[in-house]
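Trainee: Please see the structure below; I have some questions.
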Amino acid sequence: MGLFSEMFAWWKGNTIGTRLFTWRKGIRVGEDGLGNIYYRERNGVRRWVTYRTLAEPSQVPPEWHGWLHHTVDVPPTEEDYTPRSWQKAHRPNMTGTYEAYRPPGSTLRPQVQKPPLDYEPWQPK
């Protein structure tokens, strides 16, 4: 199953085609804290990432996102990058799990018994 998933399962990370292209044309630029490895083409035009686990683009940290999309020319490994105070660490998508966001008034919110009312309902006499 390992060779089969390596050749055809693109969601597992990098396929055999990605590995061959990276081996042939890629130069390793760096690695982030999650284990993702970043490459650039030898002529410097294309940039890409190979994910450590599943291919989920939300796992790319902000400093590497800017480099991948040509917003900045210098990768974070070659500069003293300090994250901003408003930047948060990666958190996977929690939709469908117990930790999913549920707004006030949601019937799925566990703490709320009855949604708060902004009005007083009419009662017939």
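The values are calculated or read from the model by the stated rules, or taken from the named source; none is laboratory data. Since the model is a prediction, treat every value here as computed from it, not as a measurement. Using ideal geometry, Cβ is built from the backbone for each residue, glycine included, and neighbour counts are taken over all protein chains shown.
Trainee: Does the stretch 77-91 contain at least one residue that is surrounded by 15 or more Cβ atoms within 10 Å (Cβ to Cβ), assigned to a helix (DSSP H, G or I) and of a type outside the set (S, T, Y)?
Mentor: Within the stretch 77-91 (the criterion being surrounded by 15 or more Cβ atoms within 10 Å (Cβ to Cβ), assigned to a helix (DSSP H, G or I) and of a type outside the set (S, T, Y)), the answer is no, since none of the residues qualifies.
Trainee: Quick check on my filter: what residues within the stretch 55-91 are among the hydrophobic types (A, V, I, L, M, F, W, C) and in contact with a strand residue (DSSP E or B) (Cβ under 8 Å, 6 or more places away or on another chain)?
Mentor: Filtering the stretch 55-91 for residues among the hydrophobic types (A, V, I, L, M, F, W, C) gives 55, 60, 64, 67-68, 72, 74, 86, 89.
Within the stretch 55-91, V60, W64, W67, L68 qualify.
Trainee: Filtering the stretch 49-62 down to residues that are in contact (Cβ under 8 Å) with a residue 24 or more places away in the chain and outside any loop (DSSP other than H, G, I, E, B), which residue is farthest from the chain's Cα centre (by Cα)?
Mentor: In the first step, residues of the stretch 49-62 are kept if they are in contact (Cβ under 8 Å) with a residue 24 or more places away in the chain; the result is 50-56, 58-62.
Subset that is outside any loop (DSSP other than H, G, I, E, B): 50, 58-59, 62.
On the way: T50: 12, S58: 1, Q59: 3, P62: 10 Å.
Applying the filter and picking the extreme gives T50.
Trainee: Then there's this: Which of the residues that make up the stretch 69-125 are modelled with pLDDT of 80 or more and of a type in the set (G, A, S)?
Mentor: Of everything in the stretch 69-125, those that are modelled with pLDDT of 80 or more and of a type in the set (G, A, S) turn out to be S85, G96, A100.
Trainee: Does N43 qualify as being in a loop (DSSP other than H, G, I, E, B), touching a strand residue (DSSP E or B) at 6+ places or on another chain (Cβ under 7 Å) and either at pLDDT below 90 or under 23 Å from M94 (Cα atoms) (or both)? I'd like the intermediate steps shown before the answer.
Mentor: Details: in a loop (DSSP other than H, G, I, E, B): yes; touching a strand residue (DSSP E or B) at 6+ places or on another chain (Cβ under 7 Å): no; either at pLDDT below 90 or under 23 Å from M94 (Cα atoms) (or both): yes.
No; evaluated as a whole, the condition is false for this residue.
Trainee: Residue by residue through the stretch 65-76, note down the ones that are crowded, with 18+ Cβ neighbours inside 10 Å and either in contact with a helix residue (DSSP H, G or I) (Cβ under 6 Å, 6 or more places away or on another chain) or without any contact (Cβ under 8 Å) to a residue 12 or more places away in the chain (or both).
Mentor: Within the stretch 65-76, P75, P76 qualify.
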